[in-house]
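Below is one structure, written out as structure tokens; comments come after it.
The values are calculated or read from the model by the stated rules, or taken from the named source; none is laboratory data. Quick caveat, the model's predicted, so the values are computed rather than measured. Here the Cβ is made from the backbone with ideal geometry for all residues, glycine too, and neighbour counts use every protein chain on show.
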Amino acid sequence: MLKAWYRDTDHNVSFNYLPKRGGDYSWQSLFKAIDDGGDHWDIVNLPAVAEEAESWPTGWSREQGGALCPDMYPTDALGQIKGRLGNYWWSALYQQTPILKEGGTFNREWFKVEDMEPAGIIARVRYWDLAATEPKRGRKPDWTVGVLLGLHTDGSYWILDVKRMQGTPRDVEKVIRWAAEVDGRKVPIYIEQESGAGGKSTVDHYVRRVLPGWSVKPDKVTGAKTERARPVSSMSEAGHFHILRSAWNKDFFEELDTFPFGAHDDQVDALSGAYGNITDGNRGRPLRSKADHLEGARKLGIPKKLIENQRQFDRMTRNPISRNRITDSLMRGSI
């Protein structure tokens, strides 16, 4: 009905709406009509706290994190309101980005926040999800994100570090090179490869120019983001994910809370990619050398005679459940 009215009427319209996530609402039909008819609309979005720096033709501007009306509601007062309301109502009433209250892919309570990295991390990967465009005035691009994920001998996964930035391609290259230096050359690096020749040339540039001497591999992703995130969601719900306490935790958890309906999903994409590449996609087996397999088995206490054959060891430890069963058997003394 709304669509027919819009198409059949000559009008100048000021349309106020609260966007709703996760369903087909009337405003979606209106914007579909806009796309079909080619009409131009100026969309004014004024969240209480700026998610990114804003600049308007009127000359008014504010930095990221700035309050919409600081004289009436300064940032500290808005922070108290957010604390009272919680993310669900805060996002809907103050930020104009409502999220679903139930049925989210992740729950921050599933991730165990730890103060120190444990001994027993037997594999690490750094996965980068590169932003397609650099930030410009009037544009809200994605973030470049690099997640460092570790695999423990007990089959658990540790989110050890998250690098998140917006900047020029050169700025991004500097951060990625710096992270590689800190991680060390033994940590393989995966870069999400976009479809087409451009994606291939980007990865080739990093291999040849930015990260020579490191193991850099492209990751050609397929399927929907929610499908790629499902294995991580399942493993975290089962209690197999830990996260190091750090300043980046806040942004990371806020993105988890709103996925897949939030403004950004780059950290989730990078985490999904890291998880998919630290394990074999078919069987969940850690991607390790034979020496690493044997060392991991030694730490588990598996008798050497049972692991002399590499294939036998692979069968025993091909997924976290099997590794946990082996550990339980060792504790009971049945192996």
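Numbers at a glance
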read-out: Filtered residue count, the range 140-175, keeping only those that are within 16 Å of the chain's Cα centre (by Cα) and either buried (at least 20 other Cβ atoms within 10 Å of the Cβ) or in a strand (DSSP E or B) (or both); value: 17
read-out: Count - residues of the range 222-237 that are surrounded by fewer than 18 Cβ atoms within 10 Å (Cβ to Cβ) and in contact (Cβ under 8 Å) with a residue 40 or more places away in the chain; value: 5
read-out: The range 47-58 residues that are over 13 Å from THR75 (Cα atoms) and modelled with pLDDT under 90, paired with ones that are of a type outside the set (Phe, Trp, Tyr) and not in a loop (DSSP other than H, G, I, E, B) (beta carbon under 8 Å, 6 or more apart); value: ALA53/SER61; ALA53/ARG62; GLU54/SER61; GLU54/ARG62; SER55/SER61
read-out: Any chance LEU211 is in contact with a helix residue (DSSP H, G or I) (Cβ under 8 Å, 6 or more places away or on another chain), over 17 Å from VAL172 (Cα atoms) and surrounded by 19 or more Cβ atoms within 10 Å (Cβ to Cβ); value: no
read-out: Meets criteria (modelled with pLDDT of 85 or more, hydroxyl-bearing (Ser, Thr, Tyr) and assigned to a loop (DSSP other than H, G, I, E, B)) for THR222; value: yes
read-out: Condition met for SER201 (over 17 Å from the mean Cα position of the chain (by Cα), more than 19 Å from GLY150 (Cα to Cα), in the same structural domain as MET116 (by TED's automatic domain parsing) and not in a helix (DSSP H, G or I)); value: no
read-out: Filtered residues of the range 194-228 (kept if among the aliphatic types (A, V, I, L, M) and over 20 Å from SER272 (Cβ atoms)); value: ALA197, VAL207, VAL210, LEU211
read-out: One residue from TRP214, TRP178 being within 30 Å of ASP115 (Cβ to Cβ), part of a helix (DSSP H, G or I) and at pLDDT 95 or above; value: TRP178
